[in-house]
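The values are calculated or read from the model by the stated rules, or taken from the named source; none is laboratory data. Quick caveat: nothing in here was measured; it's all calculated off a predicted structure. Cβ placement follows ideal geometry from the backbone for every residue including glycine, while neighbour counts extend to all protein chains displayed.
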Amino acid sequence: MADSPADIIAALAADPSQSFALIARDGAATVEVLTGPTVDVDRLADIPLASADGTPQEVLALVPFRQVVERGFEAHDDGAPLRCLVVDERRSVPAADALTALPAEDVPLANAGFDIDDDSYAEIVRTVIRDEIGRGEGANFVIRRDYTATVEADPRTAALTWFRALLEHERGAYWTFAIVTPDHVAVGASPEAHVTAMSEPGVAGRVVKMNPISGTFRHTSGGPTAEGLAAFLRDTKETEELFMVVDEELKMMSAVCSDGGRITGPHLKEMSRLTHTEYMLSGRSSMDPRDILRETMFAPTVTGSPMQNACAVIRRHETKPRGYYSGVAALFSPRESGHDLDAPILIRTAYIEDGQLRVPAGATLVRHSDPFGEVAETHGKAAGVLGAIGAIPRAVTSVAGVDEDAPGAAPARLAEDPDIAALLASRNERLAPFWMDDQSGSHEAPFTGRHALVIDAEDRFTTMLAHQLRHLGLETRIVTWSDVTDAEVDAAELVVAGPGPGDPRSDARRIVRVREIVSRRLADHRPLVAVCLSHQVLAHRLGLALEPLEKPRQGLQMTVDMFGESAAIGYYNTFTARVLPGVRRLTPSLERAGEVGVVEVSATEEGDVHALRGSGFASVQGHLESILSRDGIRTLERVVAHALGV
């Protein structure tokens, strides 16, 4: 390959058989140029990190959304390949030289517009809120639509042109990239590093980081202002949306990191048309980076939570497959200790296939979403890419375009405004110190030597719950509801029946199995802790009524009385157990389970039950493991101690 940037770019454009990637990473002054052959594989484990003779090799993998079936989750199957660019040559070009060398002519487009019109998309939002969130299927879901057009230019030339445009007109991206492989082009400016796993001197294994970004502040035509951003930061919907995705990504971190994961932030991600709020999660892992990627497929910011049910909801409400949207571009780079992983989410990306442009954009739907507000969010998310490539007018790309002497004008970076910084910092006052503090030091572990079996009812909050139980000294194992045997249930010293989506009154196989597990432990008078869905099942077994809430409590923090102690706890429930107002003690008799004695009740004045406890068992409606549970670890210790009788 020739040496000058112009010759390098010209060679990429001229050779239709050459697969390549151009990558400008966050903060770098260079563009990485990767070339090599491509190979399509079936599974993440098949990504060829070594050549036939065992030599480590660098690989850039395009991972489509349908790959989530490797985790047992649902997806439309469009046949989008797990495509690997096996790097045989790597170059580095100064970004300024790349801009000079890349083509700049406009790429003609025709027949442009969203495939789902605004009114139809708004109706989808209403349906998801009513039929999915309103029936307990989850806390939030991301439903996307596509901006499409006919591309009247050579795809390789279009890719190079749009890459230049994104470098020039977009800011704040984690990766700006163009990936060209046979019959497929992807060009984007992704703001979000989904997962990285990097070797660091003196650190065992790899340092894993995830970067949940959520909450979208759309800039006005004159540019963003501090006042506008401050109003956004005070918005309940935007704040809770970010907390929910942090919870969901902590589930993944707890599955791959021995230390569970630690939160830092929040920060602002400032881009040309949008500003987002974000946290950074970090932990340590000794897992193969391909396994880390599998366990973290895919970001809740582009799917929803709980993750397994979110995939089913997406399949019900998105009529077309996602292709690579919400998947990742995963770069595996060889190091002495193995491969490092750098995997941004494939969002804010334009695709070309068979002469058609597609720019997917989704909105996060929560219990109090405004349908046309979510319509506007999809427009805003698509606009950064569409503006850069010239499909719509370009935005002001820098606050330098704002009169900084004008009242309310933003500083060079919005995060530098002291009032904005204070608003950001104040968010952490609500959060659990457990997930923000360093957990690696010595600490009290009151249940050392005890054992717990955690039942996963299809909500991986159980990974966070298990981490907290281990922190308290319990040797803990997680088993899914469908795999756990009666013998395991009977033999466990402590069973922790976990949360899950759905109506606790239904006869779905999962709900029926949770009922069986709870009933066995009650009948045998063996220690039991039940959380959320399992708490509702236990309450019903004790004869309490179960009813849907008038307004779902998804991602809501409440300060409640937990048997004499005030506790700030995070809630993710659509249904509740109820007692008569003022009832604080029950004496139920269970058919086929014997007497359970007096049951203490923690409930609101209206009778919504927060917690129950009796001889050998305790249950909580809230999620003590959530970042929203400021008093979660203390309350969990009390609940476990009661169940164990210590």
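Would you mind listing the helices (runs of 4 or more DSSP H) fully within segment 483-553 where at least 2 residues are among the β-branched types (Val, Ile, Thr)?
On the way: elements: 486-491, 509-524, 533-541.
Helices (runs of 4 or more DSSP H) meeting the threshold: 509-524.
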When Val529 is run through (1) within 28 Å of Gln439 (Cα to Cα); (2) touching a Lys or Arg at 6+ places or on another chain (Cβ under 6 Å); (3) of a type in the set (Val, Ile, Thr), the failure sits at (2)
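Counting only residues that are in contact with a strand residue (DSSP E or B) (Cβ under 7 Å, 6 or more places away or on another chain) and either surrounded by fewer than 20 Cβ atoms within 10 Å (Cβ to Cβ) or free of Cβ contacts under 8 Å to residues at least 60 places away in the same chain (or both), which one in segment 50-63 is nearest to Gly323 (Cα to Cα)? So that I can check it myself, show each step before the final result.
Our first condition is that a residue be in contact with a strand residue (DSSP E or B) (Cβ under 7 Å, 6 or more places away or on another chain); within segment 50-63, this holds for 50, 56-63.
Restricting the remaining residues to those that are either surrounded by fewer than 20 Cβ atoms within 10 Å (Cβ to Cβ) or free of Cβ contacts under 8 Å to residues at least 60 places away in the same chain (or both) gives 50, 56-58.
Numbers: Ala50: 27, Pro56: 29, Gln57: 26, Glu58: 24 Å.
The qualifying residue nearest to Gly323 (Cα to Cα) is Glu58.
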Subset of segment 272-283, residues more than 21 Å from Asp459 (Cβ to Cβ) and either buried (at least 20 other Cβ atoms within 10 Å of the Cβ) or acidic (Asp, Glu) (or both), comes to Ser272, Arg273, Leu274, Thr275, His276, Thr277, Glu278
A careful count of residues in segment 302-332 that are β-branched (Val, Ile, Thr) and out of contact with any strand residue (DSSP E or B) (no Cβ under 6 Å at 6 or more places or on another chain) gives 2
Filter segment 605-639 for residues that are touching a strand residue (DSSP E or B) at 6+ places or on another chain (Cβ under 6 Å) and among the basic types (Lys, Arg); the one that is nearest to Arg520 (Cα to Cα) is Arg613
*asked:* Take Asp7 and tell me if it is in a loop (DSSP other than H, G, I, E, B), over 28 Å from the mean Cα position of the chain (by Cα) and either without any contact (Cβ under 8 Å) to a residue 40 or more places away in the chain or not assigned by TED's automatic domain parsing to the domain that holds Arg335 (or both).
replied: no
Within segment 595-615, residues more than 19 Å from Ala577 (Cα to Cα) and either modelled with pLDDT of 95 or more or among the charged types (D, E, K, R) (or both) come out as Glu595
Per the filter on segment 141-173, residues surrounded by fewer than 22 Cβ atoms within 10 Å (Cβ to Cβ) and in a loop (DSSP other than H, G, I, E, B) are Glu152, Ala153, Asp154, Arg171, Gly172
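Table: residues versus (1) at pLDDT 90 or above; (2) under 30 Å from Ile129 (Cβ atoms); (3) acidic (Asp, Glu); (4) assigned by TED's automatic domain parsing to the domain that holds Ile129.
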| site | (1), (2), (3), (4) |
| --- | --- |
| Ala226 | no, no, no, yes |
| Val256 | yes, no, no, yes |
| Asp259 | no, no, yes, yes |
| Gly283 | yes, no, no, yes |
From the option list Ile569, Ile633, single residue qualifying as hydrophobic (A, V, I, L, M, F, W, C) and either without any contact (Cβ under 8 Å) to a residue 40 or more places away in the chain or buried (at least 23 other Cβ atoms within 10 Å of the Cβ) (or both) is Ile569
Scanning segment 496-534 for residues that are without any contact (Cβ under 8 Å) to a residue 60 or more places away in the chain, within 15 Å of Asp486 (Cα to Cα) and either of a type in the set (D, E, K, R) or surrounded by fewer than 22 Cβ atoms within 10 Å (Cβ to Cβ) (or both) gives Arg510, Val512, Arg513, Arg515, Glu516, Arg520, Asp524
When segment 254-275 is checked residue by residue, the ones that are over 30 Å from Glu170 (Cα atoms) and assigned to a loop (DSSP other than H, G, I, E, B) are Cys257, Ser258, Asp259, Gly260, Gly261
Output for Cβ contacts, cut-off 6 Å, separation at least six or different chains, first residue hydroxyl-bearing (Ser, Thr, Tyr) in segment 310-335, second assigned to a helix (DSSP H, G or I) and buried (at least 17 other Cβ atoms within 10 Å of the Cβ), reads Ser326/Phe65; Ser326/Val302
(1) more than 18 Å from the chain's Cα centre (by Cα); (2) assigned to a strand (DSSP E or B); (3) under 30 Å from Thr574 (Cα atoms) all hold for Val125 apart from (2)
- Query: Do the conditions hold for Ala409, that is, is it modelled with pLDDT under 80 and assigned by TED's automatic domain parsing to the domain that holds Glu270?
  - Reply: yes
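Kindly check whether there is at least one residue in segment 24-31 that is assigned to a strand (DSSP E or B), assigned by TED's automatic domain parsing to the domain that holds Arg91, more than 20 Å from Arg156 (Cβ to Cβ) and hydroxyl-bearing (Ser, Thr, Tyr).
Let us first name the residues in segment 24-31 that are assigned to a strand (DSSP E or B), namely 24-25, 30-31.
Those still in the list that are assigned by TED's automatic domain parsing to the domain that holds Arg91 too: 24-25, 30-31.
Narrowing further to those that are more than 20 Å from Arg156 (Cβ to Cβ): 25, 30.
Cutting the leftovers down to hydroxyl-bearing (Ser, Thr, Tyr) gives us 30.
Yes, the conditions are met somewhere in segment 24-31.
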Inside segment 504-539, the number of residues satisfying the requirement of being over 19 Å from Asn573 (Cβ atoms) and among the β-branched types (Val, Ile, Thr) is 2
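Residue-by-condition table, conditions (1) in contact with a helix residue (DSSP H, G or I) (Cβ under 7 Å, 6 or more places away or on another chain); (2) modelled with pLDDT of 95 or more; (3) among the aliphatic types (A, V, I, L, M):
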position: Leu549; (1), (2), (3): no, no, yes
position: Gly582; (1), (2), (3): no, no, no
position: Leu586; (1), (2), (3): no, no, yes
position: Leu644; (1), (2), (3): no, yes, yes
Exactly one of Thr301, Thr264, Thr239 is at pLDDT below 90, touching a Ser or Thr at 6+ places or on another chain (Cβ under 9 Å), within 28 Å of Ser199 (Cα to Cα) and not small (Gly, Ala, Ser), and that one is Thr301
Restricting attention to segment 94-126, the residues that are under 30 Å from Glu458 (Cβ atoms), in contact (Cβ under 8 Å) with a residue 40 or more places away in the chain and surrounded by 16 or more Cβ atoms within 10 Å (Cβ to Cβ) number exactly 4
When segment 21-49 is checked residue by residue, the ones that are charged (D, E, K, R) and in contact with a Ser or Thr (Cβ under 7 Å, 6 or more places away or on another chain) are Glu32
_Condition (residue is surrounded by 22 or more Cβ atoms within 10 Å (Cβ to Cβ) and under 25 Å from Ala376 (Cα atoms)) applied to segment 336-345: is it met by at least one residue?_
yes
Going through (1) buried (at least 21 other Cβ atoms within 10 Å of the Cβ); (2) modelled with pLDDT under 90 one by one, Ser442 fails only at (1)
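For Ser534, are the conditions met, namely being small (Gly, Ala, Ser) and in contact with a helix residue (DSSP H, G or I) (Cβ under 7 Å, 6 or more places away or on another chain)? Lay out the reasoning, then the answer.
Values: small (Gly, Ala, Ser): yes; in contact with a helix residue (DSSP H, G or I) (Cβ under 7 Å, 6 or more places away or on another chain): yes.
Answer is yes for this residue.
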Ala21: passes all of (1) in contact with a Phe, Trp or Tyr (Cβ under 9 Å, 6 or more places away or on another chain); (2) surrounded by fewer than 17 Cβ atoms within 10 Å (Cβ to Cβ) but (2)
